[in-house]
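The values are calculated or read from the model by the stated rules, or taken from the named source; none is laboratory data. Predicted model only: the values in this text are computed from it and were never measured. For the accessible areas, the whole protein counts, side chains as well, though only heavy atoms, and no ligand, DNA or RNA atoms are used. Shrake-Rupley method; radii C 1.70, N 1.55, O 1.52, S 1.80 Å.
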Amino acid sequence: MSPLAAVLANAAASALLVTLVGAVFLVVALLGPFGLVLLGLLTLVVCVRVQLGELAPAWATLATPPRLDRRDPPERQASVLAERAEREGQLCFYRRTGLGLLAAGILGTAATRRRPTGQRPTGQPSAGQPPIDQPPIGQRRSG
């Protein structure tokens, strides 16, 4: 790969990553913590499909020979296993990311469900109400 092509590939990958992060923020802004649950599940489904697709493509088991055959020479078997181990390491990162998103979404959903609707965190009055430590305006004492 030429240096220019490598730079363009890096730029495209960076642009895609920034776009995906923006999409994550948009989904979380629209759906709240449940959006994180959906994104985590989607990430895990994609990882499982990629991992299973490497072993035996479900769409063409007869047309596609298996990547690893017992009759293959040992060098080919070693190279196929090395490729598989490399991909497995990459998938492990994405699988952990999906699990992290799923856990954060579940914890966030549980935290928002524990607080009754309309109740603000302590120390923050609702709009139009005096602060908690001060009496209402008509009942203030002068002196």
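In terms of solvent-accessible area of protein heavy atoms at a 1.4 angstrom probe, what is the ranking of Arg95, Arg49, highest value first?
Numbers: Arg95 65, Arg49 180 Å².
These residues rank, largest area first, as Arg49, Arg95.
Sorting Glu83, Glu75 by solvent-accessible area of protein heavy atoms yields Glu75, Glu83, largest first, with a 1.4 Å probe.
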